[in-house]
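Okay, so here's the structure we're looking at.
Values quoted throughout were computed directly from the atomic coordinates according to the rules given, and no laboratory measurement underlies them. Note that the coordinates shown come from a computational prediction; the quantities given were computed from them, not determined experimentally. All Cβ positions, glycine included, derive from the backbone under ideal geometry; neighbour counts span all protein chains shown.
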Amino acid sequence: MKISATIITYNEALNIKECIQSLIPVVDEIIVVDSLSTDNTALICQEFSEVKFITNAFEGHVQQKNFAMLQTTHELVLSLDADERLSQSLQTEILALKLKAVERDVAYSMPRLNNHYGYWIKHSGVYPDRKIRLWNKNKGKWGGNNPHDKVIVQAGVEIKQLKSDILHFTTASISTHLAQVNKFSEIAAADLIKANKKPNAYFKMLFDPPFLFIKKYFFQLGFLDGFPGFVIAIISAHAKFLKYAKYIQMRSKNDAL
């Protein structure tokens, strides 16, 4: 069976080469859909003959990933984010699958091992962080709420679990983590407005952040991750606060129009 890989990008010059290189031994085509990057992302992608590089205006993570899926040639789609890689053991697992007959009604989830600040995080609620990333495009598509997209498969599709990890180089430093949170909280707040959802934002700003910190640091054993575990718990709580604070601000501006 043949596999198409998809990646969406925007200014991913620091990550995209390693992502592509991890896919080349496994897949039969690589589709990169770029949101008009201003760095060297396009030049790097065009160095690889295996890559079909497409530009498309960004309307949301879910929309862009579904657009990328529609550009593929083969039924089976393997999707990675630009800051992700297939581990060598995951490459081996997927290659073993390719030797089997096509299973149209099966999707595959993979554990994702996240790297924060140079540390591999084994607790804090971020591992095994399973994601469906290999599926039949006629049996599933991207859904969820931006920026937290997920693959949603049709009823009757069996989800099998692969053992080996996707390696996710999520944040190189505390500064980049905070910048990511600022960006994603903006998207999440805007998505609440767009969906016309009306949560009790003041209540959530007050109670959700401390609850999330306690959950991540104590119940999900973030303290076993040492210093990065503590920082992740704090920043996760901060992100929750920002989401609803920005929602209130956006709603106030819309009401004033």
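I need two numbers for the range 1-143: Rg to one decimal and Dmax as a whole number, Cα atoms only, in Å.
In order Rg, Dmax, the Cα atoms of the range 1-143 give 14.8, 42 Å.
Which value results for Rg/Rh of the range 51-117 when Rg is the Cα radius of gyration and Rh the Kirkwood radius based on the inverse mean 1/r?
0.98
Anything over 31 Å Cα to Cα? Flag those among LYS52/LYS243; LYS2/LYS197; LYS163/LYS198; LYS183/LYS204, in the order listed.
Check vs 31 Å cut-off fails for LYS52/LYS243; LYS2/LYS197; LYS163/LYS198.
So between ILE193 and ILE214, what do we pick up on full extension, going 0.36 nm a residue minus the alpha carbon distance?
Taking 0.36 nm per residue and subtracting the Cα distance, the gain is 4.7 nm.
Which whole-number percent gives the relative contact order of the chain, counting Cα pairs below 8 Å spaced six or more residues apart?
After rounding, I find 18 percent.
So how tilted is helix 88-98 from the main axis of the chain? Cα-based, degrees 0 to 90, rounded to 10.
50 degrees
Once both axes come from the Cα atoms, what is the angle between helix 174-194 and the longest principal axis of the chain, in degrees from 0 to 90, rounded to 10?
Taking the Cα atoms of the chain, the angle to 174-194 is about 80 degrees.
Is the shape of the range 145-197 best called rounded, prolate or oblate, per the rule: a/c under 1.5 gives rounded, else a/b larger than b/c gives prolate, else oblate, with a ≥ b ≥ c the square roots of the Cα gyration tensor eigenvalues?
Taking the square roots of the gyration eigenvalues as a ≥ b ≥ c, the range 145-197 is oblate.
Loop only per DSSP, at most 14 neighbouring Cβ atoms within 10 Å: give me the GluC sites (Glu not before Pro) in the range 1-56, ordered by residue number.
Answer by residue number: GLU47, GLU50.
Could you tell me how many cubic angstrom of Cα convex hull volume the range 173-256 has per residue? Can you show the working numbers first?
Numbers: hull volume 7.1 nm³, N = 84.
Normalising the Cα hull of the range 173-256 by residue number yields 84 Å³.
For the range 112-141, list residues with backbone N below 20 Å from a point placed 7 Å from the Cα of PHE227 toward its Cβ?
Within reach of a label on PHE227: 114-124.
If I take R0 = 41 Å and measure r between the Cβ atoms of PHE207 and THR55 in this structure, what FRET efficiency does the formula 1/(1 + (r/R0)^6) give, to the nearest 0.05?
Efficiency at R0 = 41 Å is approximately 0.45.
Springs between alpha-carbon atoms under 10 Å, Gaussian network over the chain: tell me which of MET69, MET110, MET205 tops the mean-square fluctuations.
Residue with maximal mean-square fluctuation among MET69, MET110, MET205: MET205.
At what distance in angstrom do the alpha carbon centres of the range 219-237 and the range 7-31 lie from each other?
30 Å
Between GLN71 and LYS2, what length in nm is gained on full extension when 0.36 nm per residue of separation is reduced by their alpha carbon distance?
Stretched fully, the GLN71-LYS2 segment lengthens by 23.4 nm.
Can you tell me the orientation of helix 226-256 relative to the chain, as the angle in degrees between its alpha-carbon axis and the longest Cα principal axis, to the nearest 10?
Roughly 70 degrees between the two axes.
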